[in-house]
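Notes to accompany the following structure.
All of the numbers you see were taken from the coordinates with simple rules; none came from a lab. Computed from a predicted model, the values in this text were never measured in an experiment. We place every Cβ from the backbone using ideal geometry, glycine too, and count neighbours over all the protein chains shown.
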Amino acid sequence: MLSTIGLHGRYLNRTTLFGLDLHRPWTLLVLTGCGVALLLAASRADLVAAADAERRRIERDLHDGTQQRLVSLAMNLGITRASTTGLPDSAREAIENAHDEAKQALSELRDFVRGLHPAVLDDLGLDAALSGVTARCPVPVRLRTDLPQRLPDQIEQVAYFVVSEALTNAVKHAEASTVEADVRQVPSFSGRGRLRVVVRDDGRGGARPDRGSGLRGLAQRVASVDGTLHLDSPLGGPTTIRVELPCEL
Ligand SMILES: Nc1ncnc2c1ncn2[C@@H]1O[C@H](COP(=O)(O)OP(=O)(O)OP(=O)(O)O)[C@@H](O)[C@H]1O
Ligand SMILES: [Mg+2]
């Protein structure tokens, strides 16, 4: 953000910029407008980066604290369950229920933590993280990727969340029998390159961003990195989410 202000200030000392006469009031208006747009874009990106850092902290705290406690609670209950002899049926049942509940809580916590920030993204990159999320999906997913190189962290995260949310929605709402996900780097006219993410389910369609927070959240994430999101979901299906994210090739 500071560099933007610096650039803006430096250029305003000149009398012309890109052929524009800086002494004319409308020129300053145009430049001020550009500056504000750049500042807004930068502060949006800062906000998303701060939110991502906070998510990582919560993930670490949960992983190192609550999750470890639950693991030992479930193990202790398992040991107690296996060694109960001579207890009344009601007491044995209570221990068995407590053991099952502890395992369930652990599994839910693991899913939650995984959704906060997939560690595999840091370690192995988008391709491996997508293979994991599609393999866990209860609906069969045909995943195609063409990702010759690692992309900026933020772009990988946004792409991962797009695919995760689209798959979750296909399972939760679409009654789909198959999903196709295609994630690839493509060249662009500007030469900067784009990451294209297309997820299509063969379900009943009718997705409405105003009926939940998932699709709206995705649109905000995509906009925060100056990407575009198109949702096509006529009643009767299919549903297609197409996202394009800027990235250097
Ligand atoms: N693939 C889909 N097929 C059919 N309907 C969908 C699909 N995706 C979303 N919808 C509909 O659009 C609505 C909004 O989806 P959205 O993902 O924003 O919210 P949600 O899934 O209901 O809740 P969450 O905030 O947990 O994501 C859903 O409630 C559902 O009715
Ligand atoms: Mg959703």
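All other residues whose Cβ lies under 15 angstrom from that of Ser177 are scored, Lys and Arg at +1 and Asp and Glu at -1, for a net of 0. Within a Cβ distance under 10 Å of Gln154, other residues only, what is the Lys/Arg minus Asp/Glu net charge? Net local charge, Gln154 excluded: -2.
Taking Lys and Arg as +1 and Asp and Glu as -1, the other residues whose beta-carbon sits under 12 Å from that of Leu126 total -4. If R0 is taken as 35 Å, the Cβ-Cβ distance between Leu147 and Ala98 corresponds to a FRET efficiency of 0.20.
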